[in-house]
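Visitor: This is the structure, below, for whatever I ask next.
Every number in this text was worked out from the coordinates using simple rules, so none of it is lab data. Worth saying up front: this structure is predicted, and the values here are computed from it rather than measured. Cβ atoms come from the backbone with ideal geometry, glycine included; neighbour counts cover every protein chain shown.
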Amino acid sequence: MPPLRLLAILAALVLGITAAQAQQRQRITLVVPGPGAISYLPAELISRIGADRAEGVEVQVTYATGGATALADLLENNADFAVTGMPAAMSTQLKDPRLVALAPVNDLPLYVLLVRKGLQGEVRKVGDLRGRAIGFHSDSTATKTTSQQVLELMFRRGGLKPDSYRKVVVGRRWESESLMLKNGEADAVMSDEPHASRMVAEKIAFPLVHLGDPETARNFAGAGFLRGTLISRRDLVEKDPARAAVMVRILQRTLQWMAARPPEEIVAKLDIASADERAQLVALLRKYPRQYSADGKFSTRQLRETEIFFIDSQAGNQAAEAFRIESMVIDKWAGRKN
């Protein structure tokens, strides 16, 4: 047989095996708020660094408009797993006890209370927002998103009752947040990084409270709560524990990869066309090196802080005050540390 023909046959066999392996690869669906929110960056990196392929599966990431929507997708069988704020999952769990937490993603929440630039000098503290229009990504009493809980707690601590300010709905995307602050439809909004830093840089808004600031953290009980968390449903986990175990390993592999690399290498894996946006993200990763869990293990201390924050943010809600976070934590795959 001529050598070229033999090589062609061998190549076809190899390609055939590769295609068959790809077809047999198990697909896992993961829904997260986004895209672009820095807290959920590990989810966006999974397939880009091959953390899923290393485990012989394919993780398909889809995006929701917010944490409440992501959890709804999970509960309605549109996804196998979700990554959302733990307080949002706890709020939903009060209504639907199927939700369980499988692994941590974040180690430091980076919420920022932004005020439109035109009010700088006039608004110096939270109490100065009395009577103003405040942008909420969601205004639900059934399922309170994490940002909604943070905002309501900050306002209550600042002496603002729910009827002392006006609520307006603001989309999570950059375009919606920035436009409503620019045109004055919203006077303030609870934003996320990197949107917050970009709006400050472009002089659209100024930061009034930043949870990443150590001084702020000292003034708010539970400010170090667990934000991004791998969430699933108890019935799904019990039906297919192997899939849950694989997803936890993939997440931990991704977090460990991030912890071992400089910000420049992490950002290079993302499709960010703008040089300014890339530089801004690099700066944020360098400024807050502990915003992600380095090992994907639950921290008993952080879970305790999360429970404190949740109960405080839900003051007057008897079900929330009686809720214990350990009832929804499954740490058999992620592991636990102090």
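Visitor: Suppose we take every Cα in the stretch 183-265 and form the convex hull; what volume per residue is that in Å³?
Guide: 187
Visitor: Just rank Lys287, Lys161, fewest to most, by other beta-carbon atoms within 10 angstrom.
Guide: By the 10 Å Cβ count, ascending, the order reads Lys161, Lys287.
Visitor: Another one. Got the relative contact order for the chain handy, in percent, Cα pairs under 8 Å and 6 or more residues apart?
Guide: 25
Visitor: Hey, another quick one. Report the net charge of residues surrounding Leu99, where surrounding means a beta-carbon distance below 10 angstrom and charges are Lys +1, Arg +1, Asp -1, Glu -1.
Guide: +3
Visitor: Which of the peptides 78-87, 307-316, 125-134 is most tightly packed, and how do the rest follow, going by the mean number of other Cβ atoms within 10 Å of each residue?
Guide: Taking the mean over residues of other Cβ atoms within 10 Å, the ranking is 78-87, 307-316, 125-134.
Visitor: For the stretch 90-118 and the stretch 173-206, what is the separation of their C-alpha centers, rounded to whole Å?
Guide: So the two Cα centres are separated by 20 Å.
Visitor: Size of the dipole of the chain about the Cα centre, Lys and Arg at +1 and Asp and Glu at -1 on the beta carbon, nothing else charged, in debye to 20?
Guide: 360
Visitor: Using θ = phi - 60° and the Karplus curve 6.51 cos²θ - 1.76 cosθ + 1.60, what whole-Hz ³J(HN,Hα) does each residue of the stretch 279-288 get, with Gly and Pro shown as x?
Guide: Once θ is set to phi - 60°, the couplings for the stretch 279-288 become 5, 5, 5, 4, 4, 5, 5, 6, 6, 10 Hz.
Visitor: Related question: Can you give me the Cα centroid spacing of the stretch 149-167 and the stretch 295-338 in angstrom?
Guide: Cα centres, the stretch 149-167 to the stretch 295-338: 23 Å.
Visitor: A further question follows. With both partners inside the stretch 112-210, how many of the DSSP beta bridges are antiparallel, as a percent to the nearest 5?
Guide: 55
Visitor: How do the peptides 261-271, 295-305, 36-46 rank, highest first, by the average count of neighbouring beta carbon atoms within 10 Å per residue?
Guide: For the peptides 261-271, 295-305, 36-46, the packing ranking is 36-46, 295-305, 261-271.
Visitor: Give the order of Ile231, Ile272 when sorted by the count of other beta carbons within 10 angstrom, beginning with the fewest.
Guide: With the fewest neighbours first, Ile231, Ile272 line up as Ile272, Ile231.
Visitor: Now for a separate question. With all distinct Cα pairs included, what does the Kirkwood hydrodynamic radius of the chain come out to in Å, to one decimal, could you say?
Guide: 21.0
Visitor: So if each residue of separation counts as 0.36 nm, and I subtract the Cα-Cα distance between Asp295 and Ser327, what length gain in nm does that give?
Guide: In short, 9.3 nm is gained.
Visitor: Once you sort the root eigenvalues of the Cα gyration tensor of the stretch 199-330 as a ≥ b ≥ c, which label holds: rounded (a/c under 1.5), prolate (a/b larger than b/c) or oblate (the other case)?
Guide: oblate
Visitor: In addition: Which residue, chosen from Asn183, Phe136, Tyr165, occupies the Cα position most advanced towards the positive end of the dipole of the stretch 112-210, where the dipole is computed from +1 (Lys, Arg) and -1 (Asp, Glu) charges on Cβ about the Cα centre?
Guide: Working it through, the farthest residue towards the positive pole turns out to be Tyr165.
Visitor: I need the calculated FRET efficiency for the pair Arg278 and Leu75, taking r as the beta carbon distance and R₀ as 41 Å, to the nearest 0.05.
Guide: Once rounded, the FRET efficiency stands at 0.70.
Visitor: Roughly how many nanometres apart are two label points built 7 Å out from the Cα toward the Cβ at Arg156 and Arg124?
Guide: Spacing of the two 7 Å Cα→Cβ label points: 2.7 nm.
Visitor: Okay, next question. With a/c under 1.5 counting as rounded, go ahead and sort the stretch 112-210 into rounded, prolate or oblate using the C-alpha gyration tensor (a ≥ b ≥ c being the square roots of the eigenvalues; past the cut-off, prolate if a/b is larger than b/c, else oblate).
Guide: Verdict is oblate for the stretch 112-210.
Visitor: Zone of Arg336 (label point 7 Å along Cα→Cβ, backbone N under 13 Å): which residues in the stretch 202-235?
Guide: Answer for the stretch 202-235: none.
Visitor: Let me ask another. Please arrange Trp174, Trp333 by how many other C-beta atoms lie within 10 Å of their C-beta, fewest to most.
Guide: Going from least to most buried by this count: Trp174, Trp333.
Visitor: Lys pairs in the chain, Cα-Cα under 16 Å, at least 8 apart or on separate chains: how many?
Guide: 10
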